[in-house]
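Here is the structure we will look at, set down as C-alpha cells.
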Amino acid sequence: MTPPAVPAALHPLVAAFLGDRDAVRAALHRFGSPLHLVFPQVFEANLAALRAVSDAGAARYRICYAHKVNNSAAFVRTAAGAGIAVDVSSVQELRSALAAGFPPDRIEVTGPKGGGLLRAALAAGVTVNADNLWELEQLAELATTNVAVLLRVSGFAGSATSRFGVDLSEVDRAFDLLVRHRERLRFLGVAFHLDTAATAERVLAVGDCLDLIERAYARDLAPTVLDVGGGLRQVFTADAANYDAYDAALRAGLLGHGEAMHWGANTFGYHVADGIAHGSPVFHKYANTEPAAAILAELLTAPLPGHGGRALGTVLADNLLEMWLEPGKALVDQAGITVAQVEFVKRAGNGARLVHLDLSRDTVTAADQEVLIDPIVLAERPESGAVGVYFAGHLCLERDLITQRVVRIAGLPAPGDPVVFANTAAYHTDLSAAQAGMHPLPAKVAVLHHDGGFVLCPDGDYRPEAR
Ligand SMILES: *Cc1c(COP(=O)(O)O)cnc(C)c1O
C-alpha cells in the first residue's frame, strides 16, 4: 500500500539546508544523532511578519514570546535581541529570560504559580499575570514594593471551560483586592489566553474584557493593557489537497473500505461507528493553511460587536489600550527540525515494513498526538520504488512507533540515511521528551545561513549579537 504523500511545508532557509546533503551529514557527524536543529533567522522572519501586521493594526502593542514552546536558549536570546518581551511560566524560564538579557519590565510570568515562582517574580521585579485570587492575595502579602499585575480572566460565553484565570463572575472580588492593595499591586490590565484559533471566539473575549476594563475604571483603577494571549497557528503542510486525500484514505482504511493505513487498533481520535468515522482526529492542527500573521490581521480588523462595527484594533487604539500578544508556536513555526538516522529496515509479522530510527516517539511528538506530515528521508540510494512504511522508535516498547500510520517514501532507505522531522520546534521536542532506556536527550544546535553557507552553533552558545 503506497498512501498519498503529505509533504511538509518548509521555510526556504530550512529547505536550502536540507538540500545541502553535506551540511546535514556534517551536522550529524559533529553533534551525533538524533539532533534538534533550530533556525533563529526563521524566528526573526516570523516576528517580522507579526510586527508588520501589528504596525498596521492601529493599536499600540507588545509581543511577548511564550518561552514554554521550546527550551532553546537561541530562541530566547533572539527574542531579547529583537527587543520584544517574554512570557515565562517557571522559575527556570524566568532565569533563562534574565540570562538572555530581558530587562524585568519586558518579562511577564504567566500560568499557575506556586509560592516559589511568585517570590522569584517579586525578587526579579517582573510583571505577574495573576491566574487566581490566591495569587493576588499572596502578591499583596509578599510584595515589599509595588508589583505590576495583569488579571487573567476566563469563562467567556462561547469558550470552552478553562482551568486557568479568574471566572468572570468572580472578577469583582479580584477588583476588591486590587483596590484594597493598590499601593502594592499596580494593575496594568486584563488578560486571557484561549486554546483555540477561532477569531470569532477571541473577538467575543475582547468584548467582555473591554466591559471589565470599564468596570475597573468605575472602581478607580486605571488599566491600560488588554492581553489577548497566544494561539496563533502554524502551517505544517505544503499541500492541503494531499493532506485531505491522506485523511480520506486513512478513514477508508479504518472503516474497512480500503487498505488499512493504521497500526493495530489506532483510530487517531476518530470514533468509528455505523460505517462512519465520527469526530475530529487528534492531528487536526496539521490541516491549517492560514499563516499566523493572517490570523492576527483577521483579529485586528474584525468588527467588534457593540462598538459601531469599528475594527478591534481601532477600538483598542481609541481607548488608549495597549494590546499584548503572547505568541509561542507562531514565532517558532518552521524554525526547528529534528534529524535522526535509519538503523535498519525490517518486516513485521503483519507484513508491514518498519523503518527503525535511533530516536523515540517522545523526541518528536507527544504520545497522544499523531503527526500528519511525512518525515523526509534523505536516502543516498533509495532501493525499490515508492513504498509505504511505518517509522519505529528505538525503545523496547510496543507503543514506541513514531508513526502509527503508513507513510509514503520514495524508496527504502539504508542504515545511516538521515530522516528529518519537519517543524518540531513548537511543543514537539521538549514537552514530552524523556530519557527512557537511558538514551540521552538529543543535542540542540542553532543553524545560521551566513555568507552563502550554513554555520552550526550549540544552542547554549548562540549569541544573536555575535552574528
Ligand atoms: C502556552 C501559552 C501561550 C502560547 O500559546 P501558543 O498557542 O503557543 O501561541 C501564551 N500565553 C499563555 C498564557 C500560555 O499558557
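Between Arg62 and residues 5 or more places away or on another chain, which pairs have amide H atoms under 5 Å apart, with H built 1.01 Å from N, and which residues are they?
Amide H neighbours of Arg62, under 5 Å, 5+ apart: Met323, Trp324, Leu325.
Inverting the mean 1/r over all pairs of different Cα atoms, compute the Kirkwood radius of the chain and quote it in Å.
On the way: mean 1/r = 0.0421 Å⁻¹.
Evaluated over the chain, this radius sits at 23.8 Å.
Residue by residue through the stretch 256-261, which ³J(HN,Hα) values in whole Hz follow from phi under the Karplus form 6.51 cos²θ - 1.76 cosθ + 1.60 (θ = phi - 60°), with glycine and proline marked x?
After applying 6.51 cos²θ - 1.76 cosθ + 1.60, I find x, 8, x, 5, 5, 10 Hz.
In whole Å, how far is the Cα centre of the stretch 290-357 from that of the stretch 169-219?
After rounding, the separation between the Cα centres reads 25 Å.
Under 5 Å between amide H atoms, partner at least 5 residues away or on a different chain: which partners does Asp358 have, H built in plane at 1.01 Å?
Residues meeting the amide H criterion: Gln341, Glu343.
Report, for the stretch 246-404, the % of DSSP beta bridges that are antiparallel, rounded to 5. Mind dumping the intermediate values first?
Numbers: 10 of 13 bridges.
Around 75 percent antiparallel, to the nearest 5.
Could you pull the Cα extents of the stretch 371-457 along its three principal axes, largest to smallest, in whole Å?
So the three principal-axis extents are 38, 33, 24 Å.
Hey, what number do you get for the chain at 222 nm if only DSSP H runs of n ≥ 4 count, each worth -39500 (n - 2.57), divided across all residues, to the nearest 500? Intermediate values should be presented prior to the final figure.
Numbers: 12 runs with 136 residues, N = 467.
So the calculated ellipticity at 222 nm is -9000 deg cm²/dmol.
May I have the extent of the alpha carbons of the stretch 322-365 along their three principal axes, as whole Å values ordered from largest to smallest?
61, 21, 15
What Kirkwood hydrodynamic radius do you get for the stretch 1-63 when you take the inverse of the mean 1/r over all pairs of distinct Cα atoms, in Å? Each step should come with its number before you reach the end.
Values: mean 1/r = 0.0666 Å⁻¹.
It works out to 15.0 Å.
Counting only residues 5 or more places away or on other chains, whose amide H sits under 5 Å from the amide H of Ala446 once H atoms are built in the peptide plane?
Amide H to amide H, under 5 Å and 5 or more residues apart or across chains, Ala446 pairs with Val38, Cys457, Asp459.
Determine by what factor the alpha-carbon radius of gyration of the stretch 319-467 differs from 2.2 N^0.38 Å, reporting the quotient.
Values: Rg = 18.0 Å, N = 149, 2.2 N^0.38 = 14.7 Å.
Here the answer is 1.22, to two decimals.
For the stretch 1-154, state what percent of all Cα-Cα pairs lands in each successive 5 Å bin, counting from 0 Å until the bin that includes the largest distance.
For the stretch 1-154, the pair-distance distribution reads 2, 8, 15, 15, 15, 13, 11, 8, 6, 5, 2, 1, 0, 0.
With θ set to phi - 60°, apply the Karplus curve 6.51 cos²θ - 1.76 cosθ + 1.60 along the stretch 409-418 and write out the HN-Hα couplings as whole Hz, x wherever there is a Gly or Pro.
So the Karplus estimates, Gly and Pro as x, are 10, 5, x, 5, x, 10, x, x, 4, x Hz.
Taking the Cα centre of the chain as origin, sum charge times position over the Cβ atoms of Lys and Arg (+1) and Asp and Glu (-1), and report the length of that vector in debye to the nearest 20. Mind dumping the intermediate values first?
Values: 38 positive and 51 negative charges, 117 e Å.
My answer is approximately 560 debye.
Take every DSSP beta bridge with both residues inside the chain and express the antiparallel ones as a percent of the total, to the nearest 5.
Numbers: 32 of 68 bridges.
In the chain, DSSP labels about 45 percent of beta bridges as antiparallel.
Local charge sum around Leu299 (other residues, Cβ-Cβ under 11 Å, Lys/Arg +1, Asp/Glu -1)?
Working: positive: Arg202; negative: Glu201, Glu298.
Value of the local net charge: -1.
What is the distance in Å between the Cα centroid of the stretch 42-80 and that of the stretch 402-467?
So the two Cα centres are separated by 22 Å.
Which longest uninterrupted range of the chain lacks any GluC sites (Glu not before Pro) assigned by DSSP to a loop state (not H, G, I, E or B) and surrounded by at most 10 other Cβ atoms within 10 Å? Don't skip to the end; give the middle numbers.
Details: sites that count: Glu183, Glu398.
With a cap of 10 other Cβ atoms within 10 Å, the longest stretch comes to 184-397.
Kindly provide the trypsin sites (Lys or Arg not before Pro) of the stretch 215-264 that DSSP labels as loop, not H, G, I, E or B, and whose Cβ sees at most 16 other Cβ atoms within 10 Å.
Values: sites: Arg215, Arg219, Arg233, Arg251; in loops: Arg219, Arg233.
Loop-located and lightly packed - Arg219.
None of the figures in this text is laboratory data; all of them are computed from the coordinates on show. This one's a predicted model, so the numbers in the text were calculated from it and none came from an experiment. Because the Cβ atoms are built from the backbone with ideal geometry, glycine has one as well, and the counts that use them run over all protein chains shown.
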